[in-house]
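Student: One structure follows; several queries about it will come next.
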Amino acid sequence: MKGFSLLEVLVATLILGLAVVTLIQLSSQGLRLLKRSDDQQQAALLADRLARTVEPLAEGLETGQEGAMTWERRVAPSRAPDELIPPSGPMPELRALTVTVRWGPGRSLQLASLRLIPRPPEAAR
């Protein structure tokens, strides 16, 4: 008798089905990770843009929304380290800048920076 038995065909079909399901799951997970990566990159670009466009650095809190992302930009005074204080001339002001971007359930990104603002000579008196 030549050919395959019914049991051999069923086992081969089962193995092939498991391989196809595994490949579909891997593809689906890859697409989810790609979406998360894209969201993270968009949040980083938004945070960077918000950090760069804050001029002059007035103290306070700003909030907003862009697409599915909400953001918060906080500027607060900070003490300049002794290494940054000039021996003479106007005393610079140091500001702490924090940008937080939130999206999706529990997803967020925070960017923090320090900005040194030289005071004009008349303001230093």
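Here, each number is a calculation from the coordinates, and none is a lab measurement. Every value quoted in this text rests on a predicted model; they were computed, and no experiment measured them. Reconstructed Cβ throughout: ideal geometry from the backbone, glycine too, with neighbour counts over all protein chains shown.
Student: Among THR100, THR13, THR53, whose mean-square fluctuation peaks in a Gaussian network model of the chain (Cα, cutoff 10 Å)?
Tutor: Looking only at THR100, THR13, THR53, the largest GNM fluctuation is found for THR13.
Student: I would also like to ask the following. Using the Cα atoms as the points, what is the convex hull volume per residue of the range 1-57 in Å³?
Tutor: 41
Student: Here is a further query. I'm spelling it out carefully: the read-out is Rg/Rh (Cα atoms, Kirkwood Rh), the candidates are (i) 1.11; (ii) 0.99; (iii) 1.46, and one was derived from this structure. Which label?
Tutor: So the calculated entry is the one marked (iii).
Student: Starting at the first residue of the range 65-70, write each ³J(HN,Hα) from the Karplus equation 6.51 cos²θ - 1.76 cosθ + 1.60 with θ = phi - 60°, in whole Hz, x for Gly and Pro.
Tutor: Per-residue couplings from phi come out as 9, 9, x, 8, 9, 9 Hz.
Student: For helix 6-52, what angle does its Cα long axis make with the longest principal axis of the chain, in degrees from 0 to 90 and rounded to 10?
Tutor: Roughly 10 degrees between the two axes.
Student: At most 14 other Cβ atoms within 10 Å and a DSSP loop assignment: could you name the GluC sites (Glu not before Pro) in the range 1-96 that fit?
Tutor: GLU59
Student: Rounded to the nearest 20 Debye, what is the dipole magnitude of the chain about its Cα centre when Lys and Arg each give +1 and Asp and Glu each give -1 at the C-beta?
Tutor: Around 240 debye, computed over the chain.
Student: Now a separate question. For the range 94-106, take each phi angle, set θ = phi - 60°, evaluate the Karplus expression 6.51 cos²θ - 1.76 cosθ + 1.60, and give the result in whole Hz per residue in order, putting x for glycine and proline.
Tutor: After applying 6.51 cos²θ - 1.76 cosθ + 1.60, I find 10, 10, 9, 10, 10, 10, 10, 10, 10, 7, x, x, x Hz.
Student: Once label points are set 7 Å from the Cα along Cα→Cβ at both ALA76 and LYS2, what is their separation, rounded to one decimal in nm?
Tutor: That separation, rounded to one decimal, is 8.4 nm.
Student: Give me, ordered by chain and number, the residues 5 or more places off GLU93 or on other chains with an amide H under 5 Å from its own placed amide H.
Tutor: HN-HN under 5 Å from GLU93: ILE117, ARG119.
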